[in-house]
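Chemist: First the structure, which I've put down as structure tokens, then a few questions once you've had a look.
The values are calculated or read from the model by the stated rules, or taken from the named source; none is laboratory data. These numbers come from a predicted model, not from an experiment. Note that each Cβ is placed from the backbone with ideal geometry, even for glycine, and that neighbours are counted across all protein chains shown. What goes into the accessible areas is simple: the full protein's heavy atoms, side chains included, and nothing from ligands, DNA or RNA. Shrake-Rupley method; radii C 1.70, N 1.55, O 1.52, S 1.80 Å.
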Amino acid sequence: MSMNDPLSDLIARIKNAATRKRNKVSTPASKLRARVLDVLADEGYIRGYSLIEKPGAFPEFEIELKYFDGEPVIAEISRVSKPGRRVYSSIKDLKPIKNGLGISILSTPKGVMSDTAARDANVGGEVLCRVY
């Protein structure tokens, strides 16, 4: 089965696993997914992830979700830029998410990073998703 938007697939898997209160979820591995998962781990939204390689199968990431008082740390995660409509933002036009409680994940010329890291590096880019 071909997949048009791997990042949306990752977001849907994380949402569904958090809704079902799963501790771990697996997703096919790719460089973009790894960079987005790095940002989520650095910002404290997931515990971490690991690469699982099985003989004769595609490599997968196993993501450990994080919970606080029985509720998932990721309350909302949504895709902003989609294959049909790309959304780009300069750093001065990028607004804080939920008054600074959430983050935007951007794909910039300096790599995939959170909105706070992009402000520090003074670069804009494609807004991949928002997490709260």
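Chemist: Among (1) touching a residue at least 12 places away in the same chain (Cβ under 8 Å); (2) open to solvent by less than 100 Å² (accessible area, probe 1.4 Å), where does GLY56 come up short?
Modeler: The one condition GLY56 does not meet is (1).
Conditions (1) in contact with a Cys (Cβ under 9 Å, 6 or more places away or on another chain); (2) under 24 Å from ILE97 (Cβ atoms), marked per residue:
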site: ARG13; (1), (2): no, yes
site: THR19; (1), (2): no, yes
site: LYS24; (1), (2): no, no
site: TYR45; (1), (2): no, yes
site: PRO59; (1), (2): no, no
site: PHE68; (1), (2): no, yes
site: ALA75; (1), (2): no, yes
site: SER78; (1), (2): yes, yes
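Chemist: Right, another one. Kindly provide the set of residues from the stretch 67-82 that are open to solvent by 70 Å² or more (accessible area, probe 1.4 Å) and either assigned to a loop (DSSP other than H, G, I, E, B) or in contact (Cβ under 8 Å) with a residue 24 or more places away in the chain (or both), ordered by number.
Modeler: Hits for the stretch 67-82 are ASP69, ALA75, GLU76, LYS82.
Chemist: Filter the stretch 47-75 for residues that are under 16 Å from the mean Cα position of the chain (by Cα) and of a type in the set (Phe, Trp, Tyr); which is farthest from LYS31 (Cα to Cα)?
Modeler: It comes out as TYR49.
Chemist: Which members of the stretch 13-45 meet the condition of being assigned to a loop (DSSP other than H, G, I, E, B) and either open to solvent by 70 Å² or more (accessible area, probe 1.4 Å) or touching a residue at least 60 places away in the same chain (Cβ under 8 Å) (or both)?
Modeler: ARG20, LYS21, ARG22, ASN23, GLU43, TYR45
Chemist: Follow-up. Here is a check on your reading of the model: is TYR132 at pLDDT below 95 and of a type in the set (Ser, Thr, Tyr)?
Modeler: Here the answer is yes, as TYR132 does meet what is asked.
Chemist: Pull up the stretch 85-129, narrow it to residues that are under 16 Å from GLU43 (Cβ atoms) and part of a loop (DSSP other than H, G, I, E, B), then point me to the one that is least open to solvent (accessible area, probe 1.4 Å).
Modeler: Top of the filtered list is LEU94.
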